[in-house]
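The values are calculated or read from the model by the stated rules, or taken from the named source; none is laboratory data. Computed from a predicted model, the values in this text were never measured in an experiment. Cβ placement follows ideal geometry from the backbone for every residue including glycine, while neighbour counts extend to all protein chains displayed.
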Amino acid sequence: MKNLSRTFAIVALFFSLSTFSQELTDFSSLLISKELKENANAIVRLSEKTIEIKNVDKLIVKEKRIVTVFNELGKKHIKAYQHYNNDTRITKLTATIFDLFGKKIKKYTKSDFEDVSAVAGGTLYSDARLVYLEHTPSSYPYTVVFESEYKNNTTAFIPQWFPMEGYNVSVEKSTYTLVNPLNIEFRKRELNFEGYLIEQSTINSDLIYQLTNQPAIKYESNTIRFNEFTPNLSIALNLFALKGVKGAAKDWNEFGKWMYNSLLRNRNELSPSTKAKANDLVKGIETQEEKIKKIYEFVQNKTRYISVQVDIGGWEPIDANKVDAVGYGDCKGLTNYTKALLDAIGIKSHHVIVFAQGKRDIDKDFTSMQGNHMILNIPNNGNDIWLECTSQTNPFGFLGDFTDDRDALVVTPDGGIIKRTPSFKEKSLQLINANIDLKVNGSLNASLTRKSYGIQYDNKFHIEKHSQKELEKHYKSYVWDYNNNLELNKISITNNKDDLEFTEKIELSVNEFATISNTNYLFRVNLLNRTTHIPKRYRKRKRPLKIHRSFIDKDEYNIKLPTDYNISTLPNKKEIKTKFGTYKVTIEKINDRSIIYKREFSLQEGVYPKEDYKPYRKFIKSIAKYDNLRIELIKQ
């Protein structure tokens, strides 16, 4: 009787799903409501995803998508593609195209889809592939019905539900169904459901979620990521399989133990000669930190980064002795190799899983396969050292904005620990000191020193490898693009990796800088660090304001005035203090022939209420206006 009642429950569950799909047989774009068309480049008429957990190491994913595309920008929302590899078998793949009136134009089968490698350059080998639909429309709008099904032996990654798929795309109906006939224990994480038309139900261990009639959302700048304010659902099994490796984890401690024992342990073997070489490298060095630095620099000089993504290679590192032999590896292989060398000299270290690039935390409250990068953590008497082992140029112990200031999973033999990577909030500093010589003909010569620290260091130190031609383009096109007729006469760069200080010494000239009339000489006083971008104005701001990075800029220019001209009047001191940051400018007369300009501008990163966007924009607009300030000189 129990099995019979479950059968009826599942039938009822799927009946509600199939009704809409059956009803939507007329694919005419004319049927779409006005509300869903507003601000939409495309409309998801139906997104129907079903995940069936057949066993701990087997799942089936079925998907049906009906998308109406209104313009070129809407094409990306068709999403008629499917990833596959040695662990994933595609069993169904079709697409049918309909015109404005719902008339069928063309049908594609699996053999019609393009089949390509799913990885970019820099990957040595990978089994990751992608099949995708390449359709060139003759007119807009048109509708695509896409259906796919695949089987996978990996259950460590249960497909997530993101019913809202991006800006300027509306959703008529999106459903997500989890079928779990074996009642395998799982955890779920629901985020940002409030305020959206989402229905959900649970039948035994099966789940169903549904979102309907969601209008398109317009893009707003300076805000949180799309997935941080729109609904999303994650599922994780307590018992799972990863490319044939069984696992069990309900919290990060258990997950760390599984990862260490199943994927990381016994992969750090090195030859006796390499171990001896590692010990020779640190012979005579007294401090642990200096020993670690010596090993890190050895790895940087010996190896290079190449991605390896075959089978479990996406999560399991290459053996350390293989990296030692060939001199290359991916983030896991190079991190593991560095750890093996540190093991050889008796220094303990741990693999770390982290989200790289855009700042994103490992979710400490939801244990699952997360992260896209591996780095190394070395305990150091409460002042941990973190190493980016894929970089041949990073200073020792410097992560930069690639992995800084975020929660990461440190994998130890005793289990997983969530730790925060180092932050550079208070150290992101830029200092400019300049001597500027204004000429009677309106041109100028200037010599300056610019020093950068923290994330501002990270933004610049890569130009150390630029050629002279590349440097000139960098300064003319990106740094001082607002100065016409600028010429670089001398450039000297020093990268002090020990102190994380990047120094640029530059001599430059600008022709026709000042505007000259019969008796007047007019010039812009801020030559070298001008704010030119003003955030977009929104009549009705809907999203929070996010300032992504803190920084401090301090500028001081000693300006020599042209002969035969006197100062008319100097602007008063300017100072603005807000919750977002501060701005302060003073211009003082030193003598009849020179003035000194001092500017300090700081921003404080954080997420602020949407009501703060308007005063923030006003703050930046005021800075841009004052950075464009001109001073008038009068001819004697």
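Annotation for segment 555-570: no member residue is within 34 Å of the chain's Cα centre (by Cα) and under 30 Å from Y219 (Cβ atoms).
To keep it simple, each residue is scored yes or no on (1) touching a residue at least 60 places away in the same chain (Cβ under 8 Å); (2) outside any loop (DSSP other than H, G, I, E, B).
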| residue | (1), (2) |
| --- | --- |
| T175 | yes, yes |
| P181 | yes, no |
| I184 | yes, no |
| F193 | no, no |
| Y196 | no, no |
| Q200 | no, yes |
| Y209 | no, yes |
| N213 | yes, yes |
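Would segment 190-203 turn up any residue that is in contact with a helix residue (DSSP H, G or I) (Cβ under 7 Å, 6 or more places away or on another chain), more than 30 Å from K536 (Cβ to Cβ) and either in the same structural domain as V69 (by TED's automatic domain parsing) or of a type in the set (S, T, Y) (or both)? Yes, that holds for at least one residue. Out of everything in segment 403-424 that is touching a helix residue (DSSP H, G or I) at 6+ places or on another chain (Cβ under 8 Å) and assigned to a loop (DSSP other than H, G, I, E, B), what residue ends up being surrounded by the fewest Cβ atoms within 10 Å (Cβ to Cβ)? If we take residues in segment 403-424 being touching a helix residue (DSSP H, G or I) at 6+ places or on another chain (Cβ under 8 Å) and assigned to a loop (DSSP other than H, G, I, E, B), then D414 is surrounded by the fewest Cβ atoms within 10 Å (Cβ to Cβ).
Surrounded by fewer than 16 Cβ atoms within 10 Å (Cβ to Cβ), among the acidic types (D, E), touching a strand residue (DSSP E or B) at 6+ places or on another chain (Cβ under 6 Å) and on the phi < 0 side of the Ramachandran plot, is that true of E611? Answer is no for this residue.
Go through (1) of a type outside the set (S, T, Y); (2) at pLDDT below 95; (3) in contact with a strand residue (DSSP E or B) (Cβ under 6 Å, 6 or more places away or on another chain) one by one and return the number of the condition V510 breaks. It fails just one condition, (2). Scanning segment 1-56 for residues that are of a type in the set (D, E) and modelled with pLDDT of 95 or more turns up E35, E38, E48, E52. Is it the case that Y475 is in a strand (DSSP E or B), aromatic (F, W, Y), modelled with pLDDT of 95 or more and more than 28 Å from D405 (Cβ to Cβ)? No: the conditions fail for Y475. For the condition part of a strand (DSSP E or B), more than 35 Å from the chain's Cα centre (by Cα) and more than 30 Å from Q300 (Cα to Cα), N435 qualifies.
When the strands (runs of 3 or more DSSP E) confined to segment 506-617 are screened for residues that are within 20 Å of L429 (Cα to Cα) and in contact (Cβ under 8 Å) with a residue 60 or more places away in the chain, those reaching at least 1 such residues are found at 545-547, 551-560, 594-603, 606-608.
Note on segment 260-338: enclosed helices (runs of 4 or more DSSP H) holding 3 or more residues that are touching a strand residue (DSSP E or B) at 6+ places or on another chain (Cβ under 8 Å) and not polar (S, T, N, Q) are 288-302. Only one entry in A278, A249, A216 is within 30 Å of R89 (Cβ to Cβ) and either at pLDDT 95 or above or not aromatic (F, W, Y) (or both), namely A249.
Close Cβ contacts (under 7 Å, 6 or more residues apart or on different chains) running from residues in segment 221-234 that are among the aliphatic types (A, V, I, L, M) to residues that are surrounded by 17 or more Cβ atoms within 10 Å (Cβ to Cβ) comprise I224/R543; I224/P544; L233/W161; L233/Y176; L233/Y209.
Of all the listed residues (N445, N372, N377, N394), the sole one being more than 23 Å from C331 (Cα to Cα) and either of a type outside the set (F, W, Y) or within 21 Å of the chain's Cα centre (by Cα) (or both) is N445. Within the bounds of segment 450-472, is there any residue that is closer than 27 Å to R630 by Cα, in the same structural domain as Y521 (by TED's automatic domain parsing) and part of a helix (DSSP H, G or I)? So far as segment 450-472 goes, yes, one or more of its residues are closer than 27 Å to R630 by Cα, in the same structural domain as Y521 (by TED's automatic domain parsing) and part of a helix (DSSP H, G or I). Considering segment 347-377 alone, what residues qualify as being more than 17 Å from E316 (Cβ to Cβ) and touching a Leu at 6+ places or on another chain (Cβ under 7 Å)? Correct list: S349, I362.
When the test is whether a residue is at pLDDT 95 or above and in contact with a Leu (Cβ under 8 Å, 6 or more places away or on another chain), R530 does not pass it. Screening D414 with (1) closer than 26 Å to N496 by Cα; (2) over 19 Å from the mean Cα position of the chain (by Cα) gives one miss only, at (1). Selection of segment 53-70 for residues being outside any strand (DSSP E or B) and either over 24 Å from N152 (Cα atoms) or outside the structural domain of I97 (by TED's automatic domain parsing) (or both) yields only F70.
Summed over segment 488-507, residues that are charged (D, E, K, R) and closer than 18 Å to R530 by Cβ total 1.
Within segment 488-505, the residues that satisfy the criterion of being in a loop (DSSP other than H, G, I, E, B) and surrounded by 15 or more Cβ atoms within 10 Å (Cβ to Cβ) are K497, L500. Residues that are surrounded by fewer than 16 Cβ atoms within 10 Å (Cβ to Cβ) and either over 30 Å from K218 (Cβ atoms) or of a type outside the set (S, T, N, Q) (or both) within segment 25-53 comprise T25, D26, L30, L31, K34, E35, E38, listed in sequence order. Candidates in segment 268-300 are the residues that are among the small types (G, A, S), free of Cβ contacts under 8 Å to residues at least 40 places away in the same chain and more than 11 Å from I345 (Cβ to Cβ); of these, the one that is surrounded by the fewest Cβ atoms within 10 Å (Cβ to Cβ) is G284. Within segment 75-88, the residues that satisfy the criterion of being more than 23 Å from the chain's Cα centre (by Cα) and part of a loop (DSSP other than H, G, I, E, B) are I78, A80, N85, N86, D87. Which residue, of K451, K460, K465, K425, is touching a Ser or Thr at 6+ places or on another chain (Cβ under 6 Å) and over 30 Å from I559 (Cβ atoms)? When all the criteria are applied, what remains is K425. Scanning segment 579-631 for residues that are over 36 Å from the mean Cα position of the chain (by Cα), among the acidic types (D, E) and at pLDDT 95 or above yields one hit, E588. Being polar (S, T, N, Q), over 19 Å from L211 (Cβ atoms), in a strand (DSSP E or B) and in contact (Cβ under 8 Å) with a residue 40 or more places away in the chain narrows it down to one of T50, T91, so name that one. Residue meeting the stated conditions: T91.
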